[in-house]
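The values are calculated or read from the model by the stated rules, or taken from the named source; none is laboratory data. As the structure is a prediction and not an experimental result, all values here were calculated from the model. Ideal geometry is used to build each Cβ from the backbone, glycine not excepted, and the neighbour counts take in all protein chains shown. Accessible surface areas use protein heavy atoms only, side chains included; no ligands, DNA or RNA. Shrake-Rupley method; radii C 1.70, N 1.55, O 1.52, S 1.80 Å.
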Amino acid sequence: NIPRTVELHLGLWESDRDKVKVETPQNVLDRKRLANWESLCFPVLADDDALIFQALHAFQHILDYWCRPSCFLEIAHFVGGRQDDTAFWKRFRLRAESYRYLPQIVGMVFAMAEMLFQAPIPPEVSAWTTRALPAPLTLWIERYGREWSLASYPGNKLSLFVHREFIEGPEDWKEVRRSRLF
């Protein structure tokens, strides 16, 4: 059985948790907008920030050994709905490309959505995301991505290979490896 949880996030990414020092936009709440649904009005992230958060959220679950395939389906659906929206993709690139590790994380999550659900990644987006992935991440997706994503909860530790690619120092990796393996 899969546990039901509520996740509360204090920011787009929490670096201390997994020793992955991702840089993210800091002004996301300044860019929020109001949305309406069934006579309710509430603040939501700007679309480009929401997609960045979704990619980071899926990546966090990759690091945690298991991610619901529906996370990748949501991303595939979003990408499909914006496939021809060149203005959105330009804003998204400007928002994401200059932050450390963010293009690789987006690329990895998009590649998983593409592999699992045929997400139609626009060529101008895949050029700096999925096609620009470092070889070890591309190889992991090709070799383990489908098996990993279809594993039952609590998943498997194949994602340690991904985790290693985002750890900078040997002491941090030693700590992560020890805590994750034992």
task: Determine, at each q value in 0.10, 0.18 (inverse angstroms), the log₁₀ of I(q)/I(0) that the Debye formula gives when each Cα of the chain is one equal point scatterer.
output: -0.40, -1.32
query: With every protein chain in place, what's the accessible area of residue 179 (1.4 Å probe, Å², nearest 10)?
result: 80 Å²
- prompt: What are the ³J(HN,Hα) values, in whole Hz, obtained from phi via the Karplus relation 6.51 cos²θ - 1.76 cosθ + 1.60 with θ = phi - 60°, for each residue of the range 28-33 in sequence order, with x given for Gly and Pro?
  reply: 5, 6, 5, 9, 4, 9
field: 3J(HN,Hα) from dihedral phi, the range 36-46, Karplus parametrisation 6.51/-1.76/1.60, rounded to Hz, x for glycine, proline
entry: 10, 8, 6, 6, 9, 10, 8, x, 9, 5, 4
- request: Using a 1.4 angstrom probe on the protein heavy atoms only, line up 74, 38 by accessible area, largest first.
  value: 38, 74
- request: Taking the chain as the reference, fit the longest principal axis to its C-alpha atoms, fit the long axis of helix 102-117 to the helix C-alpha atoms, and give the angle between the two in degrees, 0 to 90, nearest 10.
  value: 90 degrees
message: Given a 1.4 angstrom probe, I'd like the percentage of the accessible area of the chain that is carbon and sulfur, rounded to a whole number.
response: 54 percent
message: Run the helix sum for the chain: -39,500 (n - 2.57) per DSSP H stretch of 4+ residues, divided by residue count, reported at 222 nm to the nearest 500 deg cm²/dmol.
response: -15000 deg cm²/dmol
3J(HN,Hα) from dihedral phi, the range 147-156, Karplus parametrisation 6.51/-1.76/1.60, rounded to Hz, x for glycine, proline: 4, 4, 5, 9, 5, 6, 4, x, x, 9
query: With Cβ to Cβ distances under 12 Å as the rule, what net charge do the other residues near residue 89 carry (K, R +1; D, E -1)?
result: -1
query: Amide H of residue 119: which non-local residues (sequence gap of 5 or more, or other chain) have their own amide H closer than 5 Å, using H built in the peptide plane?
result: 114
- prompt: How far is it, in nm, from the label point at residue 4 to the one at residue 86 when both lie 7 Å from their Cα along the line to the Cβ?
  reply: 4.7 nm
message: Just to confirm a number: summing +1 for Lys and Arg and -1 for Asp and Glu over residues other than residue 174 whose beta-carbon lies under 15 angstrom from that of residue 174, what do you get?
response: 0
message: Tell me which trypsin sites (Lys or Arg not before Pro) from the range 1-103 have a DSSP coil assignment and no more than 16 other beta carbons within 10 Å of their own.
response: 4, 21, 32, 100
statement: When every protein chain stays in place and a 1.4 Å probe is rolled, 67, 41 sorted by accessible area with the largest first are 41, 67
message: Distance between the C-alpha centers of the range 4-60 and the range 95-158? Whole Å please.
response: 19 Å
message: Can you compute the FRET efficiency between residue 27 and residue 177 using 1/(1 + (r/R0)^6), with r the Cβ-Cβ distance and R0 = 45 Å? Round to the nearest 0.05.
response: 0.85
Charge tally in the Cβ shell below 13 Å around residue 50, where Lys, Arg are +1 and Asp, Glu are -1, residue 50 excluded: +2
task: Would you work out which of 149, 137, 162 lies farthest towards the positive end of the dipole of the range 130-182? Charges go on Cβ: Lys and Arg +1, Asp and Glu -1.
output: 149
message: Taking 0.36 nm per residue of sequence separation and subtracting the Cα-Cα distance, how much length would be gained by fully extending the chain between residue 144 and residue 42, in nm to one decimal?
response: 32.8 nm
- prompt: Does anyone have the angle between helix 170-181 and the longest principal axis of the chain? Alpha-carbon axes, 0 to 90°, nearest 10?
  reply: 90 degrees
Sequence-distant lysines (8 or more away, or on other chains) whose Cα lies within less than 16 Å of residue 157: 174
Å² per residue, accessible surface of the chain at 1.4 Å: 57 Å²
